[in-house]
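The values are calculated or read from the model by the stated rules, or taken from the named source; none is laboratory data. Since this is a predicted model, take the numbers as computed values, not measurements. Glycine also receives a Cβ, built like all others from the backbone with ideal geometry; neighbour counts cover every protein chain displayed.
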Amino acid sequence: MQGVFSILAAAGPAVPTRSLFEMLIAGGPVMIPIMLASFLMLLIVFERFISLRRRRVVPRLFIERFLLQLREGALDRSEALERCEDESSHIARVFAAGIRKWGKSAVEVEQAVLDEGERIANVLRRYLRVLNGVSTVSPLLGLLGTVWGMIQAFNVIANSPAMGRSEMLAGGISVALITTATGLLVAIPALIFYLYFVGRVDGLIMEIDHYGQELVSLVSYEGLEDRKNTRVTIARRKAA
């Protein structure tokens, strides 16, 4: 035991440490917008995780049942529109836009689906620019805080009677670098979440476009005529 104490004594005085709160305070006023940016990032990430759930955007069960009933002719225009209006998912709005053009040409139905799909895409991309902005601005704020802190540190050293003391310079620099580190700690997760959500939105938009095109082939004039002719042909073959 005595040997342990002798080793600790030989190692010199303990290195002073700071709590997280003390480090944030030492970072200066630039830490305030960085902390606000981190809080905004957390809010957006939480909201996007909820809003971009598959069940809320493209519920597989509703889509499969709805398209199957349209293929089998189990739904007319009013019934199909009612089903879409009762469903709260985003793709139901796209389907409803196409159903309202029931029996029109494929070009008209497709245009209605594309227009509504574009509006849904804007809804899905909501707040992603803000998230990208946080990832861009946070390190710049951190750099600003560091430059400002370095200026203050050199001014203090220049006006100090103890010129040439390296520990004063090192202490000032360590305080100044707190803002840069904090800015990066906010910017890196923000950029990762931004890229993740962009990829998720792109995948959901591709699914909506795929199912929208399938709806066009079912409710357009051309699609209805093709299915009608197919049913007539099948009935004649059975009669023969």
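When 72, 82, 108 are checked against the criterion of being surrounded by fewer than 20 Cβ atoms within 10 Å (Cβ to Cβ), farther than 30 Å from residue 181 by Cβ and modelled with pLDDT under 90, a single residue qualifies: 72. Does residue 92 satisfy being surrounded by 13 or more Cβ atoms within 10 Å (Cβ to Cβ), among the small types (Gly, Ala, Ser) and in contact with a Ser or Thr (Cβ under 6 Å, 6 or more places away or on another chain)? No. Of all the residues in the range 199-230, those that are more than 20 Å from residue 84 (Cβ to Cβ) and free of Cβ contacts under 8 Å to residues at least 60 places away in the same chain number 9. A search for C-beta distances below 6 Å between a residue of the range 73-94 that is within 19 Å of residue 228 (Cα to Cα) and any residue that is assigned to a loop (DSSP other than H, G, I, E, B) and hydrophobic (A, V, I, L, M, F, W, C), counting only pairs 6+ apart in sequence or on different chains, returns 77/102. Residue 223 meets each of the listed conditions (1) under 29 Å from residue 102 (Cβ atoms); (2) of a type in the set (Gly, Ala, Ser); (3) modelled with pLDDT of 85 or more; (4) surrounded by fewer than 21 Cβ atoms within 10 Å (Cβ to Cβ) apart from (3). Among the residues of the range 154-185, those identified as modelled with pLDDT of 70 or more and in contact with a Leu (Cβ under 9 Å, 6 or more places away or on another chain) are 154, 178, 179, 180, 182, 183. When the range 70-101 is filtered for residues that are part of a helix (DSSP H, G or I) and of a type in the set (Gly, Ala, Ser), the ones remaining, listed by number, are 78, 80, 92, 96, 97, 98.
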